[in-house]
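Here is the structure we will look at.
The values are calculated or read from the model by the stated rules, or taken from the named source; none is laboratory data. Note that the coordinates shown come from a computational prediction; the quantities given were computed from them, not determined experimentally. FYI the Cβ positions are ideal-geometry reconstructions off the backbone, even for glycines, and counts take in every protein chain you see.
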């Protein structure tokens with residue numbers, strides 16, 4: 001089946017630092033999404049990015065479909081950025097297949 | 001736009017009872033909704049695909065008689081956990097895709113089920 005691998009599994013940053021989260025996937029992509037899961041469990045849509053580059057404020061994402069990876073960049077991190085970041089790839093039924101996530105902790 | 005709600009947000013029930021969880025797309029129509037389960041410190045795993053007006057499709061290992069799914073309208077899907085047991089305690093999350101807007105999915109806030 002489709003494999004989605006995220007790295008690193010854990011990341012600790014000082015407030016203000018930048019970071020790059022990586023997502024490797026094993027199949028061709030028709031849908032790729034990045035999410036932030038907040039402490040209450042809500043999944044916040046960050047990017048819908050099957051290809052190309054997008055930016056939203058301090059966050060940006062790039063997907064290189066031909067090389068089967070996607071990157072999420074967080075600049076000038078804030079404590080409110082803490083949580084788990086998930087990458088998810090579209091499956092054959094239209095569902096999403098999730099990676100195991102990157103747990104980000106931003107220290108003040 | 002693209003808001004998905006779930007109700008209840010948390011529920012505690014006794015072993016052997018049934019619990020119904022509702023998932024609604026508030027500002028769009030969703031032919032297909034998905035139900036996921038997340039155990040503590042783990043990722044989301046697909047349980048079933050819910051199609052409006054037809055039977056749900058369950059993932060391997062998910063008991064269809066235990067997790068009843070009904071997708072009666074283009075904005076509502078329900079998941080009923082029947083004869084709940086403590087091992088069913090988990091975080092249940094639904095998602096929906098806007099039927100007219102491609103494949104991006106939007107997630108509800110989740111329902112935390114605790115079976116005592």
Exercise for the section: Report those strands (runs of 3 or more DSSP E) wholly inside region B:1-84 carrying at least 1 residues which are farther than 21 Å from residue A:42 by Cα, under 13 Å from the mean Cα position of the chain (by Cα) and at pLDDT below 95. Expected result: B:44-51, B:67-73
Practice task
Would you check which residues across region A:82-98 are in contact (Cβ under 8 Å) with a residue 60 or more places away in the chain and under 21 Å from residue A:13 (Cα atoms) and list them?
Solution key: A:85, A:86, A:87
Practice task
For residues that are within 13 Å of another protein chain (Cβ to nearest Cβ) and more than 16 Å from residue A:35 (Cα to Cα), scanning just region A:75-101, find the one that is surrounded by the fewest Cβ atoms within 10 Å (Cβ to Cβ).
Solution key: A:92
Handout entry: Some residue of region B:39-62 being within 11 Å of another protein chain (Cβ to nearest Cβ) and touching a residue at least 60 places away in the same chain (Cβ under 8 Å)
Key = no
Practice task
Exactly one condition in (1) away from every other protein chain (no Cβ under 11 Å); (2) outside any strand (DSSP E or B); (3) without any contact (Cβ under 8 Å) to a residue 24 or more places away in the chain is not met by residue A:41; state its number.
Solution key: (1)
Problem - Options A:104, A:21, A:59, A:72; residue that is in contact with a strand residue (DSSP E or B) (Cβ under 7 Å, 6 or more places away or on another chain), more than 23 Å from residue B:6 (Cβ to Cβ), surrounded by fewer than 20 Cβ atoms within 10 Å (Cβ to Cβ) and at pLDDT 95 or above - result: A:59
